Amino acid sequence: MKKSLLFIAISFLSIGANAQIVPSPFWTNQSANYPNVSTGTQWFDAIDANNVWALGYNGTLPNANFNDYTRTNNGGTTYTAGLVYPDTLTYHPSSIEGIDPTTAWVTSYLNTTLNKGAIHTTTNGGVTWTNMTAVNMYTNNTSWADFTAFCTATVGITLGDPVSGEFEIHRTTNGGATWSAVAGTAIPNPLGGEYGITDLYTKFGANDIWFGTNLGRIYHSSNQGQSWTVASVIGGSYITKIAFRSALNGIAYTNNAGSPAFTSTNGGISWTAITPIDPNMGKNAICVIPGTNMYASCGAGVGNNVISYSTDDGLTWNNWGGANVQYLEIEFVSNSVGFAGGFSDPGTPGLDGMFKYSGVPLGVSTVGIPYSSLEMYPNPSTGIVTIDLQPTKEGGSLFVIDAMGKTVYSENIRNVSFEKHNLNLENLAKGIYSVNIVRAGRTESKKIVIQ
């Protein structure tokens, strides 16, 4: 079976009997309030620091249909959950797009026949959902409704699989009140057997939008979906995720084990493989951290339960820490506010469906004179280190960086009166490390020798 099952098949709630859930110290656990146990936050759309819309799926039986949504309008302090449709038999959600605190769009395919589909919107915070599918939209047996995306509050597109040799793309300029088909002459023809993927798109600014296909190609529009170009990333592979930090610079993930990640510096016209792949790169999802040149990623599955960030376009990744947490989605709305989705299991502490970034602002310049108050002893050390630091009014973050520039240990400094702290680095190899403490946008740094 095609589509989202590629993603879901490797992302289901699985906790070993002896596995201890250790959330990242930089991410606060939040309750998505899903009504069903083992619901995974499959797709979500963070609009701003206060408003997030999300869809949940069955984390125990991935092919089953929970039909759940959840939303927050207070930054995740509380989430309100509900059903998009009155039953789970007619439609299976494939994408969600938030517009504002009360307005969102859900795209779905038919649950029984696994084709065709519809688009529904709510304007009252999810209380009711209205079918806005236009006549002759997603009616062909080869159709499959993949996603709906808005470049602005009024201009958007909805994408479906090829019909009679043309991708089915419809466009609105009045907030979804009416939709018009984009002419096939404005869309490069699909290859044989090529189709789109559920919820697989990304946007930058008010004009650029990209979507990927099952044959390793990425389509791009720079004029809000009016016309399109296409480029090949790697043939024969699914595109699984896309993110662009500018109109030119982007990263794409594929399901190719040999070449799972690529970068582009020309808007997606050409792509270069990232080699080698850093094990701290989360393979489930990737996003841009707005206001910076950074990306965030997250992973779920054996050997990839990570949440991390990159400052060099995906070449290396810094792990935010934690253990045995399966992260499914991630999205930042600023350099200080980000959300990640996971599984909701009330019986397991630390698994409530959502997480919120609680670290210091990212990408903040640390140029300046380091505080002279930072002292660490003994130095050299066998790994047990005491840090002396004068108290401030702000908390901060602590990073231990190895000689190759990789973050090998990190934690939040939540106690603003932090003066003495014992740091256990006995598990690190012998060598020279940099201990960086970031507070109020400034960095205190000191070298430590472990012998």
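The values are calculated or read from the model by the stated rules, or taken from the named source; none is laboratory data. Note that this is a predicted model, so its numbers are computed, not measured. Cβ atoms come from the backbone with ideal geometry, glycine included; neighbour counts cover every protein chain shown.
Of these, VAL337, VAL306, VAL333, VAL302, which one is in the same structural domain as ILE21 (by TED's automatic domain parsing), of a type in the set (A, V, I, L, M, F, W, C) and free of Cβ contacts under 8 Å to residues at least 12 places away in the same chain? Full working, then the answer.
On the way: VAL337 fails: free of Cβ contacts under 8 Å to residues at least 12 places away in the same chain; VAL306 fails: free of Cβ contacts under 8 Å to residues at least 12 places away in the same chain; VAL333 fails: free of Cβ contacts under 8 Å to residues at least 12 places away in the same chain.
One residue alone meets the criteria, VAL302.
Could you list all residues from the stretch 240-267 that are outside any loop (DSSP other than H, G, I, E, B) and either of a type outside the set (A, V, I, L, M) or within 21 Å of LEU191 (Cβ to Cβ) (or both)?
In the first step, residues of the stretch 240-267 are kept if they are outside any loop (DSSP other than H, G, I, E, B); the result is 240-244, 250-254, 261-264.
Correct list: THR240, LYS241, ILE242, PHE244, GLY250, ALA252, TYR253, THR254, PHE262, THR263, SER264.
Filter the stretch 295-305 down to residues that are more than 18 Å from LEU362 (Cα to Cα) and touching a Lys or Arg at 6+ places or on another chain (Cβ under 9 Å) and give me whichever is surrounded by the fewest Cβ atoms within 10 Å (Cβ to Cβ).
Let us first name the residues in the stretch 295-305 that are more than 18 Å from LEU362 (Cα to Cα), namely 299-305.
With touching a Lys or Arg at 6+ places or on another chain (Cβ under 9 Å) added as a condition, the list becomes 299-301, 304.
Working: GLY299: 26, ALA300: 26, GLY301: 14, ASN304: 18.
Taking the candidates together, the pick is GLY301.
Please count how many residues of the stretch 139-179 are in contact (Cβ under 8 Å) with a residue 40 or more places away in the chain and part of a strand (DSSP E or B).
Summing the residues that are in contact (Cβ under 8 Å) with a residue 40 or more places away in the chain and part of a strand (DSSP E or B) in the stretch 139-179 gives 15.
Could you grab me the full set of residues in the stretch 122-138 that are part of a loop (DSSP other than H, G, I, E, B) and not hydroxyl-bearing (Ser, Thr, Tyr)?
Of all residues in the stretch 122-138, those part of a loop (DSSP other than H, G, I, E, B) come to 123-129, 132-138.
ASN124, GLY125, GLY126, VAL127, TRP129, MET132, ALA134, VAL135, ASN136, MET137 - these are the residues of the stretch 122-138 that are part of a loop (DSSP other than H, G, I, E, B) and not hydroxyl-bearing (Ser, Thr, Tyr).
Tally time: how many residues in the stretch 256-265 are under 12 Å from ILE218 (Cβ atoms) and either surrounded by fewer than 13 Cβ atoms within 10 Å (Cβ to Cβ) or not assigned by TED's automatic domain parsing to the domain that holds LEU315 (or both)?
0
In the stretch 363-395, what residues are crowded, with 16+ Cβ neighbours inside 10 Å and modelled with pLDDT of 80 or more?
Of everything in the stretch 363-395, those that are crowded, with 16+ Cβ neighbours inside 10 Å and modelled with pLDDT of 80 or more turn out to be MET376, SER381, VAL385, ILE387.
Just to be sure before I move on: is PRO101 without any contact (Cβ under 8 Å) to a residue 12 or more places away in the chain and either of a type outside the set (Phe, Trp, Tyr) or buried (at least 18 other Cβ atoms within 10 Å of the Cβ) (or both) in the structure I sent? Full working, then the answer.
Details: without any contact (Cβ under 8 Å) to a residue 12 or more places away in the chain: no; either of a type outside the set (Phe, Trp, Tyr) or buried (at least 18 other Cβ atoms within 10 Å of the Cβ) (or both): yes.
Against the criterion (without any contact (Cβ under 8 Å) to a residue 12 or more places away in the chain and either of a type outside the set (Phe, Trp, Tyr) or buried (at least 18 other Cβ atoms within 10 Å of the Cβ) (or both)), PRO101 does not qualify.
Looking at the structure I just gave you, is GLY75 under 30 Å from GLY291 (Cα atoms) and at pLDDT below 95? Break it down into steps so the answer makes sense when it comes.
Working: under 30 Å from GLY291 (Cα atoms): yes; at pLDDT below 95: no.
No: the conditions fail for GLY75.
Yes or no: the stretch 181-188 includes at least one residue that is part of a strand (DSSP E or B) and crowded, with 23+ Cβ neighbours inside 10 Å. It would help to see each step written out before you state the result.
If we filter the stretch 181-188 for residues that are part of a strand (DSSP E or B), which is where we start, we get 181.
So of that shortlist, the ones also crowded, with 23+ Cβ neighbours inside 10 Å come out as none.
No, that holds for no residue.
Could you list, in sequence order, all residues of the stretch 47-60 that are surrounded by fewer than 24 Cβ atoms within 10 Å (Cβ to Cβ) and either part of a strand (DSSP E or B) or aromatic (Phe, Trp, Tyr) (or both)? Even if it seems obvious, please write down each step before you answer.
In the first step, residues of the stretch 47-60 are kept if they are surrounded by fewer than 24 Cβ atoms within 10 Å (Cβ to Cβ); the result is 47-51, 58, 60.
ASN58 - this is the single residue of the stretch 47-60 that is surrounded by fewer than 24 Cβ atoms within 10 Å (Cβ to Cβ) and either part of a strand (DSSP E or B) or aromatic (Phe, Trp, Tyr) (or both).
Taking the stated definitions as given, is VAL360 hydrophobic (A, V, I, L, M, F, W, C), closer than 23 Å to ALA243 by Cα and modelled with pLDDT under 85? So that I can check it myself, show each step before the final result.
Values: hydrophobic (A, V, I, L, M, F, W, C): yes; closer than 23 Å to ALA243 by Cα: yes; modelled with pLDDT under 85: yes.
Here the answer is yes, as VAL360 does meet what is asked.
Can you tell me which residues in the stretch 89-121 are part of a loop (DSSP other than H, G, I, E, B), under 26 Å from GLU331 (Cβ atoms) and of a type outside the set (A, V, I, L, M)?
Keep residues of the stretch 89-121 that are part of a loop (DSSP other than H, G, I, E, B), which gives 89-90, 99-103, 111-115, 117.
Still in the running and under 26 Å from GLU331 (Cβ atoms): 99-103, 117.
Passing the criteria: ASP100, PRO101, THR102, THR103, GLY117.
Among the residues of the stretch 195-234, how many are aromatic (Phe, Trp, Tyr) and assigned to a loop (DSSP other than H, G, I, E, B)? Walk me through how you get there before you give the answer.
Just the residues of the stretch 195-234 that are aromatic (Phe, Trp, Tyr), to begin with: 195, 201, 204, 210-211, 219, 228.
Filter again for assigned to a loop (DSSP other than H, G, I, E, B), leaving 195, 228.
Residues meeting the conditions: 2.
Does ALA81 meet the test of being within 30 Å of GLY291 (Cα to Cα) and crowded, with 16+ Cβ neighbours inside 10 Å? Before you say what the answer is, go through the steps one by one.
Details: within 30 Å of GLY291 (Cα to Cα): no; crowded, with 16+ Cβ neighbours inside 10 Å: yes.
Considered against the rule, which asks whether it is within 30 Å of GLY291 (Cα to Cα) and crowded, with 16+ Cβ neighbours inside 10 Å, ALA81 comes out as no.
Report the residue count in the stretch 306-353 for those that are part of a strand (DSSP E or B) and surrounded by 19 or more Cβ atoms within 10 Å (Cβ to Cβ).
19
Just to check your reading of the model, which residue among SER270, SER237 is free of Cβ contacts under 8 Å to residues at least 40 places away in the same chain, surrounded by 17 or more Cβ atoms within 10 Å (Cβ to Cβ) and assigned to a loop (DSSP other than H, G, I, E, B)? Before you say what the answer is, go through the steps one by one.
On the way: SER270 fails: surrounded by 17 or more Cβ atoms within 10 Å (Cβ to Cβ).
Exactly one residue qualifies, and that residue is SER237.
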